[in-house]
Amino acid sequence: MGLEENRCSGKHCRMSPKPVTDSLLFLSPDEKEPHFLFEQRLIDKGARTVAGVDEAGRGPLAGPVVAAAVILDPNNLPIGLNDSKKLTEKKRNFLFDEICKKAHAISWHSASAQRVDQINILQASLEAMAISVVSLSLPCDAALFDGRDVPLDCRHFGTAIIKGDAKSLSIAAASIIAKVLRDTIMVQMDRHYPEYGFAGHKGYGAKSHMAAIAAHGPSPLHRMSFSPMKDIGADQV
């Protein structure tokens, strides 16, 4: 199993603005941690493989948005999976390795800042999600997407689950993969653009980041459709 990023062939890039949800199948129990009930219900209905899909990096001012798809092994689930935002960096890194060891399949895709500017952050996120799903080494019979939306090409087998990274173990696993990979990318980019401090804030709008933008202007990693870069561009017109 590899984590090599897959690029878009174009045919998987059409998106649906609405979720596809079976409200009876996906009623969520009142639990404080993610579970495998969503996946098990689909397996009981005949799905051989169920992927969880999530992204990291919608909010930052710089860097890519990264999506991941994970097909967990129902008989060998990593212990401690949760929404990546609820985990420490040390715990995320540990679980990243556990997921890589135990999952049936993992894939990921990143959409650059330029792609975000071209089609907007929502569409770039959905595009990356769709590509990560179709790039899995195993075909998935069903996919659970974090959020409200399902990519158009995944509508016939995809379901959107709001706050799914806190409900579904598979989505939680995908959130961890996406977050760790994106953080790694931003640490690497810090070596190329050290004046912005990407290794620390990962592209989010920290005070130090805002001060760096004011002092140096935007870098090639910055999303020009986001403020304050958009405002800078308007001032230069």
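Throughout, read-outs are computed from the coordinates displayed, never taken from laboratory work. Fair warning: this is a prediction, and the values are worked out from it, not measured in the lab. As a convention, Cβ positions derive from the backbone with ideal geometry for all residues, glycine included, and neighbour counts pool all protein chains shown.
For this structure, a couple of remarks:
- The per residue volume of the convex hull around the alpha-carbon atoms of segment 7-237 is 129 Å³.
- Partner aspartates and glutamates whose Cα lies under 12 Å from the Cα of LYS32, excluding those fewer than 8 positions away in the same chain, are identified as ASP83, ASP165.
- Dipole moment magnitude, nearest 20 debye, segment 70-147 about Cα centre, only Lys, Arg, Asp, Glu C-beta charged: 280 debye
- Taking segment 7-237 and dividing mean pair separation by its residue count, relative contact order in percent (alpha carbons under 8 Å, at least six apart): 30 percent
- Neighbour counts of other Cβ atoms within 10 Å put THR88, THR159 in the fewest-to-most order THR88, THR159.
- Taking the fewest neighbouring Cβ atoms within 10 Å as the starting point, the ordered list for SER219, SER132 is SER219, SER132.
- Most positive-pole-ward Cα, ALA69, ILE176, ILE119, against dipole of segment 7-237 from beta carbon charges: ILE119
- The charge dipole of segment 7-237, taken about its Cα centre with unit charges on the Cβ of Lys, Arg, Asp and Glu (plus for the first two, minus for the last two), comes to roughly 120 debye.
- Fewest-first sequence of MET186, MET224, MET229 by Cβ atoms within 10 Å of each Cβ: MET224, MET229, MET186
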